[in-house]
Amino acid sequence: MENHIFAVVWICLGMASYEDLRDRRVREGWIWCIAGAGISRLWLGEGKEAWDVLLGGCVAFLLFVLILLWFPGAFGGGDVKLYAAAGLSLGPVGAGVGLAVAILTAGVALLLSPSFREQKEIPFVPFLSVGIFLGFCFGEQIQNWYLS
């Protein structure tokens, strides 16, 4: 059943990424769908404990809040809400890994793409999607590699 939840999250992230690239905004419906998929893991017997789901959402939200306190205006509200919702599926480890990957991939894109450097604001949801994907699939392995 975890594959079904992953598919729902990935489809919603794809649509949110498309909208962020096109309109520079994310609809609330995609965020609620991602949050619902994360919470549904509790009832579908996916091996997630309630504290792991809630802690994942809290870690994702708090990481963004800390960055926004340090760099005001660095992200939009849609980015924060979307990542907090995805944190419910990722858990605390995946949330930390996913955000680190998202920031690194955005940095690489800024270095390699002149069109991104010329923009005042860049759409961050596509980079969050890459981070969420890697955090969901390989979060524990990336953490263990980094800490070893």
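The values are calculated or read from the model by the stated rules, or taken from the named source; none is laboratory data. Bear in mind that the values here come from a model prediction, so they are computed numbers and not experimental data. Reconstructed Cβ throughout: ideal geometry from the backbone, glycine too, with neighbour counts over all protein chains shown.
Remarks
- Positions within segment 51-64 being hydrophobic (A, V, I, L, M, F, W, C) and either under 11 Å from Ala86 (Cα atoms) or modelled with pLDDT under 90 (or both), in sequence order: Trp51, Val53, Leu54, Leu55, Cys58, Val59, Ala60, Phe61, Leu63, Phe64
This table checks each residue for (1) surrounded by fewer than 19 Cβ atoms within 10 Å (Cβ to Cβ); (2) touching a Gly at 6+ places or on another chain (Cβ under 6 Å); (3) in contact (Cβ under 8 Å) with a residue 40 or more places away in the chain.
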position	(1), (2), (3)
Ala50	yes, no, no
Leu88	no, yes, yes
Thr105	yes, no, no
Ser115	yes, no, no
Pro123	no, no, yes
Gln141	yes, no, no
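- When each of Phe75, Phe136, Phe64 is tested for being under 17 Å from the mean Cα position of the chain (by Cα), over 20 Å from Arg41 (Cβ atoms) and either buried (at least 20 other Cβ atoms within 10 Å of the Cβ) or aliphatic (A, V, I, L, M) (or both), the lone residue that passes is Phe64.
- Within segment 56-100, the set of residues being in a helix (DSSP H, G or I), out of contact with any helix residue (DSSP H, G or I) (no Cβ under 9 Å at 6 or more places or on another chain) and closer than 16 Å to Phe124 by Cα comprises just one member, Gly77.
- In segment 4-31, the residues that are more than 16 Å from Gly78 (Cα to Cα) reach residues that are among the acidic types (Asp, Glu) with C-beta atoms within less than 8 angstrom, at least six apart or across chains, in these pairs: Ile5/Glu46.
- Gly98 vs. criteria of a type outside the set (Asp, Glu) and under 20 Å from Ile34 (Cβ atoms): yes
- Any hit, segment 36-50, residues being assigned to a helix (DSSP H, G or I) and either touching a His at 6+ places or on another chain (Cβ under 7 Å) or at pLDDT 90 or above (or both): yes
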